[in-house]
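Below is one structure, written out as structure tokens; the observations come after it.
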Amino acid sequence: MKNDALEQLKKIMKEAKRAVFFGGAGVSTESGIPDFRSVDGLYNQKYDYPPETILSHSFYKRYTYEFYRFYRDKMLCLSARPNAAHLKLAQWEKEGKLKAVVTQNIDGLHQAAGSRKVLELHGSVHRNYCEKCHKFYDAEYILHSEGIPVCECGGTIKPDVVLYEEGLDNQTISEAVACISAADVMIVGGTSLAVYPAAGLLDYYKGDKLVLINKTATARDGMADLVLQGSIGEIFSQMD
């Protein structure tokens, strides 16, 4: 990464008043959370089905026990801690520069770092509800349960995570659109922008400071005003 690109980013954030951050799996890989689509990600594993099949609504309904075997093993990374990217975003929010984090991640690390306005497009492993009585259960309960977690009322407990074949939450989408539409700076980090409808939210940004930060090229690089290729945690750790 060239120093001039980093200096440009510093200048952009120094002047920012309504920045919004849109992030994906790459934001959390430096915290030890695996990325589905990376070479050493969840596709190289020991299960009979690919992750996208296991993490689908129909698989959850039909093979709930197998779903939870995978979910506990691969999705509940409760020992993970926020990295430099999470911490810098929380700092910018505290300083009044950043108005919202829009994330595709379900790990809760933005909140753990201190961010308050976090719009979780795909839900969170930290929220789990009984499908029958809607009683709340935390991630620790799911991690330490065995087989299919069952509520005291007898209902099955389901993670508040958007599975494949399920729609995104309308209120979360509406809030994300409102924040992105009003942003004066849009920073996109740690995502290949391959997952829709989430990636389509960028179309609502009308400003002229679109920054893309990712280890590899994305489909939107040609539209960006600034592209930084590299680790987002390393890049953000160099920000003043």
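The values are calculated or read from the model by the stated rules, or taken from the named source; none is laboratory data. These numbers come from a predicted model, not from an experiment. Every residue, glycine among them, receives a Cβ derived from its backbone with ideal geometry; neighbour counts consider all protein chains shown. Ligands, DNA and RNA are stripped out before the accessible areas are found, and what is left, the full protein with its side chains, is counted by its heavy atoms. Shrake-Rupley method; radii C 1.70, N 1.55, O 1.52, S 1.80 Å.
Data for the structure
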quantity	calculated
Residue satisfying all of: in the stretch 90-131; among the charged types (D, E, K, R), more than 16 Å from the chain's Cα centre (by Cα) and more than 21 Å from L202 (Cα to Cα); surrounded by the most Cβ atoms within 10 Å (Cβ to Cβ) among these	K94
Residue satisfying condition, being within 23 Å of A19 (Cβ to Cβ) and of a type in the set (D, E), within set D160, D208	D208
Number of the condition not met by L143 [criteria: (1) open to solvent by 10 Å² or more (accessible area, probe 1.4 Å); (2) in contact (Cβ under 8 Å) with a residue 60 or more places away in the chain; (3) more than 22 Å from R69 (Cα to Cα)]	(3)
Residues of the stretch 7-18 that turn out to be crowded, with 16+ Cβ neighbours inside 10 Å and closer than 18 Å to S237 by Cβ, as a count	4
Neighbours by Cβ (under 9 Å, 6+ apart or cross-chain): first from the stretch 2-29, without any contact (Cβ under 8 Å) to a residue 40 or more places away in the chain; second assigned to a helix (DSSP H, G or I)	none
Cβ pairs under 8 Å, 6+ apart, first in the stretch 67-82 and over 30 Å from S237 (Cβ atoms) and touching a residue at least 12 places away in the same chain (Cβ under 8 Å), second open to solvent by 40 Å² or more (accessible area, probe 1.4 Å) and not in a helix (DSSP H, G or I)	Y68/I148
Residue within the stretch 73-87 that is aliphatic (A, V, I, L, M), closer than 17 Å to N128 by Cα and open to solvent by 40 Å² or more (accessible area, probe 1.4 Å) present	yes
Test: residue in the stretch 88-104 that is more than 24 Å from Q171 (Cα to Cα) and either of a type in the set (A, V, I, L, M) or in contact (Cβ under 8 Å) with a residue 60 or more places away in the chain (or both)	yes
Residue match in the stretch 150-160 (condition: farther than 30 Å from R62 by Cβ, open to solvent by 20 Å² or more (accessible area, probe 1.4 Å) and of a type in the set (A, V, I, L, M))	no
Every residue from the stretch 1-26 that is among the β-branched types (V, I, T) and in contact with a Phe, Trp or Tyr (Cβ under 9 Å, 6 or more places away or on another chain)	V20
Filter result for I173 (aliphatic (A, V, I, L, M) and open to solvent by 20 Å² or more (accessible area, probe 1.4 Å))	yes
Candidate set: the stretch 127-140, residues that are touching a Gly at 6+ places or on another chain (Cβ under 7 Å) and touching a residue at least 24 places away in the same chain (Cβ under 8 Å); chosen: the one nearest to L109 (Cα to Cα)	C130
Residue check, A80 closer than 19 Å to G24 by Cβ, assigned to a helix (DSSP H, G or I) and in contact with an Asp or Glu (Cβ under 8 Å, 6 or more places away or on another chain)	no
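Yes/no per residue for (1) open to solvent by less than 90 Å² (accessible area, probe 1.4 Å); (2) over 21 Å from A217 (Cβ atoms); (3) modelled with pLDDT under 75:
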| residue | (1), (2), (3) |
| --- | --- |
| E30 | yes, no, no |
| G41 | yes, no, yes |
| P51 | yes, yes, no |
| Y60 | yes, yes, no |
| Y65 | no, yes, no |
